[in-house]
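These notes concern the structure reproduced below.
Where a number appears in this text, it was derived from the coordinates with a stated rule and is not lab data. Quick caveat: nothing in here was measured; it's all calculated off a predicted structure. All Cβ positions, glycine included, derive from the backbone under ideal geometry; neighbour counts span all protein chains shown.
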Amino acid sequence: IKINRAGLAACLIVIGSLGAQHATALGDTRTLSMHHMHTDESITITYKTNGQYDEEALKKINWFLRDWRKSEATTMDPSEIDLLWEVYQEVGAKEPIEIVCGYRSPGTNEMLRGRSKNSGVARHSQHTLGKAIDFYIPGIPLEKLRETAMRIQGGGVGYYPTSGSPFVHVDVGNVRAWPRM
């Protein structure tokens, strides 16, 4: 078997750097500060310490990100919380994250879909699975949040600059973005 040495070397460098990034991520401590615009609740919480999720902190985040219309919570996907943290870190934000929507119950999702054909609410929304968050960060342009989330490639990125409360949607579903740039 002939091996292209340059190709092999490139592959080993990429694998090695991914391993180093993963090792760093496993040992970190992560804290989020958030404010929910609909409940007027605020939370600052360390949900990961030395690379380990804090189950009690995640439960508090689940409640904080509940469907505020029904006071119904779900188990949010921890990788969604990590994605939000990564965007926050990448943009160098200092203010708390303003949450527009976290979990959305299937009933609430259908109600919102029924309000308008152009509502932008997906029939099988990642919000109903605890895998999506709509947010903005005061002082950080929406375009920068969108661009950063797209660069991270953690899942879906939606951009809603003309919404009543302009926001960016991030989810941990398939990597995609809308509207197209």
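Things to note:
- For Arg30, net neighbour charge (Lys/Arg +1, Asp/Glu -1) across residues whose Cβ lies under 10 Å away: -3
- Cβ charges +1 (Lys, Arg) and -1 (Asp, Glu), total dipole of segment 87-181, debye: 360 debye
- From phi via Karplus (6.51, -1.76, 1.60), per-residue ³J(HN,Hα) for segment 43-48 in Hz, x at Gly/Pro: 8, 10, 8, 8, 9, 9
- Environment charge of Trp63, counting only residues whose C-beta is closer than 12 Å and scoring Lys/Arg +1, Asp/Glu -1: -1
- Lys, Arg +1 and Asp, Glu -1 on Cβ, resulting dipole of segment 48-113 about Cα centre, debye, nearest 20: 320 debye
- For segment 32-181, the Cα-based Rg and Dmax, in that order, read 14.3, 46 Å.
- Total lysine pairs under 24 Å (Cα atoms) in segment 52-128, excluding pairs fewer than 8 apart on one chain: 4
- Net charge contributed by nearby residues that have their C-beta within less than 13 Å of Ser105 (K/R +1, D/E -1): +2
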